[in-house]
Amino acid sequence: MAIIDKDEMTQTEAPFIGVNRHRIGVDGEGVTTLAAFHGCPLHCRYCLNQSCLDANARVVRHTPESLYQQLLIDDLYFVATGGGVCFGGGEPLLRPEFIRQFHALCADRWKITLETSLNVPSASLQSVAPLVNDFIIDIKDMNDEIYTAYTGKSSAQVWENLKWLAGNYNREHIILRAPLIPEFNTEEDVERSVERLQELGFEKFDRFTYKVK
């Protein structure tokens, strides 16, 4: 593990809606801890983590150092199983400096997975991508009208970031979630999204149907 002189590094504090230990098979390889940030650029109609947008949500604030110290209890599990930390949310790429500083502490001892919508500035993605072992990307739908109706925001930035990843990152370490969203898209829409992304060279897709209450 890296030894960092704290005087050389400005500690960035961030709010988290949850830190969940001992997750297996859902957030990357091995034993994983999900660290979910508060805050998201989207307003999805069927949001699974609505507290990430709630200004009054109960959050726990961490610096990279305090989160690292909390997760050290599972260092043995991470190393033995090839696991580590999955940053989710909310949107982790709203906090690129936090992720960079956290990686400086754990270096390559723990794998870092990002669950992201990619609807963030390209600079945020590009500054963090070299530190990330695996991406899990929720594309929603690549039809911009469907995407905008469902999330309240255009997918143009998502498309630009996907094109950058296709040319600058190992696509074997990217899973794209392509959901069937009741009342918003169809199986044919999902297939069109997948075909469009296959043209960029992506091959790993997680297809499922949102369960609407």
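If I ask for residues that are under 16 Å from the mean Cα position of the chain (by Cα), modelled with pLDDT of 90 or more and crowded, with 20+ Cβ neighbours inside 10 Å, which ones from the range 17-33 would you list?
Scanning the range 17-33 gives Ile17, Thr32, Thr33.
Taking the range 58-104 as the search range and keeping residues that are of a type in the set (Lys, Arg) and either modelled with pLDDT of 95 or more or assigned to a helix (DSSP H, G or I) (or both), which one is farthest from Ser124 (Cα to Cα)?
Within the range 58-104, the match that is farthest from Ser124 (Cα to Cα) is Arg61.
Where the second residue is modelled with pLDDT under 80 and the first is among the polar types (S, T, N, Q) and lies in the range 21-37, which pairs have Cβ atoms under 6 Å and are six or more apart or on separate chains?
From residues that are among the polar types (S, T, N, Q), the pairs are Thr32/Arg23.
Of everything in the range 112-131, what is of a type outside the set (Asp, Glu) and within 20 Å of Cys52 (Cβ to Cβ)? Give them in sequence order.
Ile112, Thr113, Leu114, Thr116, Ser117, Leu118, Asn119, Val120, Pro121, Ser124, Leu125, Val128
For the range 112-133, which positions are surrounded by fewer than 20 Cβ atoms within 10 Å (Cβ to Cβ) and within 14 Å of Asn170 (Cα to Cα)?
Within the range 112-133, Gln126, Ala129, Pro130, Leu131, Asn133 meet the criteria.
Looking at the range 146-164, which of its residues are touching a residue at least 12 places away in the same chain (Cβ under 8 Å) and aromatic (Phe, Trp, Tyr)?
Listed by number, the residues that qualify are Tyr150, Trp159, Trp164.
So which residues in the range 126-145 are in contact (Cβ under 8 Å) with a residue 60 or more places away in the chain and assigned to a loop (DSSP other than H, G, I, E, B)?
Within the range 126-145, Asn133, Lys140 qualify.
This table checks each residue for (1) closer than 14 Å to Ser117 by Cβ; (2) touching a residue at least 12 places away in the same chain (Cβ under 8 Å).
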| position | (1), (2) |
| --- | --- |
| Ala166 | no, yes |
| Pro179 | yes, yes |
| Asn185 | no, yes |
| Glu191 | no, no |
| Gln198 | no, no |
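Looking only at the range 117-132, which residues are of a type in the set (Ser, Thr, Tyr) and in contact with a strand residue (DSSP E or B) (Cβ under 6 Å, 6 or more places away or on another chain)?
Ser117
Quick one: count up the residues across the range 48-107 that are in contact with a Cys (Cβ under 7 Å, 6 or more places away or on another chain), closer than 13 Å to Ala35 by Cα and either aliphatic (A, V, I, L, M) or surrounded by 23 or more Cβ atoms within 10 Å (Cβ to Cβ) (or both).
Qualifying residue count for the region: 4.
The values are calculated or read from the model by the stated rules, or taken from the named source; none is laboratory data. As the structure is a computational prediction, the values presented were derived from the model and not from experiment. Because the Cβ atoms are built from the backbone with ideal geometry, glycine has one as well, and the counts that use them run over all protein chains shown.
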